[in-house]
Amino acid sequence: MTTNYFISIFVHVICAAFWIGGMLFIPLVLVPGIKNQPNRVLLLHKTGIKFRFYGWLAVIILIISGVLNIYFRGLPFTVEFFINTSYGKLLSLKLALFVVMLLVGGIHDFYFGMKSIDEMQQSLGKKFKMLARWTGMLNLLLALIIAFLGIAISRGGF
């Protein structure tokens with residue numbers, strides 16, 4: 001293994017930790033911490049927008065470092081590898097879940113999250129707030145499964 005591989009793995013793990021950490025921080029720390037604040041909607045909105053930028057930056061770096069990890073590890077970028085080997089199948093599952101996580105995250109961040117803020121400011125129903133909460137929880141669950149698969153892959157699979 002080369003130094004570049006270890007640097008790429010380090011960057012990958014740090015970005016994954018940032019992504020998952022932010023998804024845990026907002027509902028477990030921020031939301032309860034601002035519960036009784038009169039401007040909690042504004043605080044949540046501003047924090048969400050700020051994290052969204054850095055979160056998606058981390059995701060872009062995850063994509064780049066993930067590709068580099070495969071390259072530096074010397075794994076083939078072939079359909080046969082991803083379909084016919086147990087290691088490739090596990091990696092394929094991780095990548096497929098990552099794509100689903102990106103889709104759910106995009107819907108959460110750019111649609112349900114924004115609509116729920118608009119809804120709270122206008123005192124409308126709670127439909128988008130509930131959808132934002134559930135897509136956020138689904139995204140966290142997907143991220144945790146992906147992290148677990150990453151650990152399994154780094155240890156040679158199941």
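When the criteria are applied in full, G66 fails the requirement of being within 16 Å of A147 (Cα to Cα) and touching a Gly at 6+ places or on another chain (Cβ under 6 Å). Evaluating F158 against the criteria (1) modelled with pLDDT under 85; (2) over 23 Å from S92 (Cβ atoms) leaves one unmet condition, (2). Of the residues F53, F25, the single one that is farther than 19 Å from L144 by Cβ and either open to solvent by less than 40 Å² (accessible area, probe 1.4 Å) or not acidic (D, E) (or both) is F53.
Quick check on segment 132-152. Is at least one of its residues at pLDDT 90 or above, polar (S, T, N, Q) and either surrounded by 17 or more Cβ atoms within 10 Å (Cβ to Cβ) or over 19 Å from the mean Cα position of the chain (by Cα) (or both)? Yes: one or more hits.
Selection of first residues in segment 34-49 that are assigned to a loop (DSSP other than H, G, I, E, B) and of second residues that are open to solvent by less than 70 Å² (accessible area, probe 1.4 Å), restricted to Cβ pairs under 6 Å at least 6 apart or on distinct chains, gives the following pairs, ordered by first then second residue: I34/L43.
Just for segment 98-107: of the residues that are aliphatic (A, V, I, L, M) and surrounded by fewer than 18 Cβ atoms within 10 Å (Cβ to Cβ), which one is modelled with the lowest pLDDT?
The first filter runs over segment 98-107 and keeps only residues aliphatic (A, V, I, L, M), leaving 99-104, 107.
From the residues that got through so far, the ones that are surrounded by fewer than 18 Cβ atoms within 10 Å (Cβ to Cβ) too are 99-100, 102-103, 107.
Values: V99: 97, V100: 97, L102: 96, L103: 96, I107: 93.
Once the filter is applied, the top-ranked residue is I107.
In the set (1) of a type in the set (A, V, I, L, M, F, W, C); (2) free of Cβ contacts under 8 Å to residues at least 40 places away in the same chain; (3) assigned to a helix (DSSP H, G or I), L75 fails one condition alone, (3).
Please tell me if K129 is modelled with pLDDT under 90 and part of a helix (DSSP H, G or I). Write out each step before concluding.
Details: modelled with pLDDT under 90: yes; part of a helix (DSSP H, G or I): yes.
Spelling it out, K129 is indeed modelled with pLDDT under 90 and part of a helix (DSSP H, G or I).
Of the residues examined, F110 is one that is assigned to a helix (DSSP H, G or I), under 23 Å from the mean Cα position of the chain (by Cα) and either modelled with pLDDT of 85 or more or of a type outside the set (S, T, Y) (or both).
Restricting attention to segment 74-90, the residues that are modelled with pLDDT under 90 and of a type in the set (K, R) total 0.
Of all residues in segment 59-82 being among the aromatic types (F, W, Y) and in contact with a helix residue (DSSP H, G or I) (Cβ under 6 Å, 6 or more places away or on another chain), which is surrounded by the fewest Cβ atoms within 10 Å (Cβ to Cβ)?
Filtering segment 59-82 for residues among the aromatic types (F, W, Y) gives 71-72, 77, 81-82.
From what is left, the residues that are in contact with a helix residue (DSSP H, G or I) (Cβ under 6 Å, 6 or more places away or on another chain) are 72, 81-82.
Details: F72: 18, F81: 16, F82: 18.
Within segment 59-82, the match that is surrounded by the fewest Cβ atoms within 10 Å (Cβ to Cβ) is F81.
Among the residues making up segment 1-47, none is charged (D, E, K, R) and either at pLDDT 95 or above or closer than 20 Å to L97 by Cβ (or both). Could we say that L93 is closer than 26 Å to L140 by Cβ and open to solvent by less than 80 Å² (accessible area, probe 1.4 Å) here? Taking the combined requirement at face value, the residue does not satisfy it.
The values are calculated or read from the model by the stated rules, or taken from the named source; none is laboratory data. None of the values given here were measured: they were computed from a predicted structure. FYI the Cβ positions are ideal-geometry reconstructions off the backbone, even for glycines, and counts take in every protein chain you see. These accessible areas exclude ligands, DNA and RNA; they are computed on the full protein's heavy atoms, side chains included. Shrake-Rupley method; radii C 1.70, N 1.55, O 1.52, S 1.80 Å.
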